[in-house]
1. Could you give the alpha-carbon Rg of region A:131-172 over 2.2 N^0.38 Å, rounded to two decimals?
2. May I ask you to derive the relative contact order of region A:57-205, considering only C-alpha pairs under 8 Å and at least 6 residues apart, and to give it as an integer percent?
3. Counting just the Cα atoms, what span does region A:75-133 cover along each of its three principal axes? Round to the nearest Å and put the largest first.
4. With no solvent and one equal point scatterer per Cα, compute the Debye intensity ratio I(q)/I(0) for region A:183-272 at 0.20 Å⁻¹ and report its log10, rounded to two decimals.
5. How many nm is it between the label spots at B:V150 and B:L177, if each spot is 7 Å from the Cα in line with the beta carbon?
6. Report, as a whole number in µm² per second, the diffusion coefficient that Stokes-Einstein gives for region A:65-182 at 25 °C and 0.890 mPa s using the Kirkwood radius over alpha carbon pairs.
7. What quantity of accessible surface, computed with a 1.4 Å probe and excluding non-protein components, is buried in total between chains B and A, in Å² to the nearest 100?
8. Please calculate how many Å² of accessible area region B:104-163 carries per residue, with a 1.4 Å probe and no DNA, RNA or ligand atoms counted.
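The values are calculated or read from the model by the stated rules, or taken from the named source; none is laboratory data. Values in this document were obtained by computation on a predicted structure and should not be read as measured data. Neighbour counts are summed over all protein chains in view; Cβ atoms, including those assigned to glycine, are modelled from backbone coordinates with ideal geometry. To get the accessible areas, we keep the full protein, side chains included, count just its heavy atoms, and leave off ligands, DNA and RNA. Shrake-Rupley method; radii C 1.70, N 1.55, O 1.52, S 1.80 Å.
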Amino acid sequence: MLMFLSTTFIGTALFVILFSILRTGLPHLSWEMLSEIPHGGYYFGKSGGIFNAIVGSVYLSLGSSLIAFLVGLPIAMFINIHLIRHTKFVAVIRFLLDLLWGVPSIVYGAFGFTIMVFFGMRTSLMAGIITVSLFILPIIVRAMDEVLRNVPKGLLESAKSLGSTNSEIAYVVYFKQCLPGIITAWLLAFGRAIGDAASILFTTGYTDYVPHALNEPAATLPLAIFFQLSSPIPEVRERAYAASAILIFIVLTVSVVSRILSCKYNKNKINF
Amino acid sequence: MAGKFGYLTFIVSSVWVTMIALLIAGPVCLLTAIHLTQYAKSWVLKIMAPVIDILAGLPSVIFGVWGILFVIPLLANHIGPFFGKSVSGYSILAGAIVLSIMIIPFILNILIEIFQTVPKELSEASLALGATRWQTIKFVLLKKSSAGIVSAFGLGMSRAFGETIAVLMVVGNVVHLPSGVFQPGYPLPSLIANNYGEMLSIPMYDSALMFSALLLFVIVLIFNAISRLIILRSSH
């Protein structure tokens, strides 16, 4: 009985969170908010929107998840195909990746900040992308690794017996077999990147304009919510609630899309 | 500016928030994991899996907004007066509640995974000997996976320890030694996040802040390493 209660507790917790934010946020959501950058006096309740933050967030998370994907995919493949015989070594790598996964994002932020200071960079989209991709790299590698790990050994053996090289096995055979899992891993990392605030607090900065180059600072949705929520003016706070409704929408869409995609591409899979 | 810095208040606040969050999240996770893996029909798990996933994927700033919209009014208007205190709501308890909801999906996923690796034959043998369902869970399942449970809590704890934005938004950020759960606190990650702006304008301040980041990093790393090692050891 108590167990059933705690299960329903978790279910209702999600709905309470979604409901309370959407109920407060949706009434203040408007087209102006989605499509315009902040005008003069925006932070005192005048007209404008958070287009800059939406675009900045999308740039940031697309860029960083792309970098993390390009670096992470070969790592995951290497662990699972080239190193398949060295089980001890692989266990150590996985252990270290798990440790990296557990490091709080604010530590990554502080780390990115020291690197920026070292190279004399200013807060910019570039610095944010680098920091966030460092932060999501262990996540994406471990997620892909879990998928690749479950590929049956028979597939590897038969591909090898047909004379394919390790890279061919990785990028032709395994890639096709694990495409849904890889896409899910990428979307997971994307969702993490778009939602994280602590690591970009130091590195990406904040601006009222849409960034046009990598060395410009960029606004991001989590920070827009965070800054506007600390305002004493009720109109600005209401916009923060609306902005969090937008962020929830993006995150939920990513989650649903990843589910649909992983169902769809499962058809290409060879079943054993 | 004497160039002297102390972390006592921040570490104490961090420990308070983390411990209370774990106290709330721990039993809930344990009971839910037992329910989902032992009692519930398979469609319940099918419904709960996306719920847990979405809960795990919600950005921390959303949890912070929820804390401000829901938890703080709740504390200020209902729970505080219930204990006969007038409170603003921005308190250690608010941070802990928000944090506990954040770490629930994280701990729950690990617990479910651990319970599913316990061989079915063991429970079957216990049931065949005449033990009731609950006795089987208590003496077979929990005993077999006790190391895993402890390390799952350890992982959740280190996750809670490092969480920044959501806690920062609700915990109040007052530098003092907290003496009760309704008092505001000032955890370590909030210290870094709030003060990075002045970092380079005061001498030695940047290295003090960086040291707090290092402290956070080392504590979390040690906790994670121990918990992961226990999980690895027990899965062999």
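1. Normalised Cα radius of gyration, region A:131-172: 1.51.
2. Values: 158 pairs, mean separation 64.7, N = 149.
Rounded, it is 43 percent for region A:57-205.
3. Principal extents (Cα only, largest first): 45, 20, 16 Å.
4. -1.01
5. Once both label points are built, they end up 3.1 nm from each other.
6. After rounding, the answer is 156 µm²/s.
7. Counting both chains, the buried surface is close to 4500 Å².
8. For region B:104-163, the solvent-accessible area averages 49 Å² per residue.
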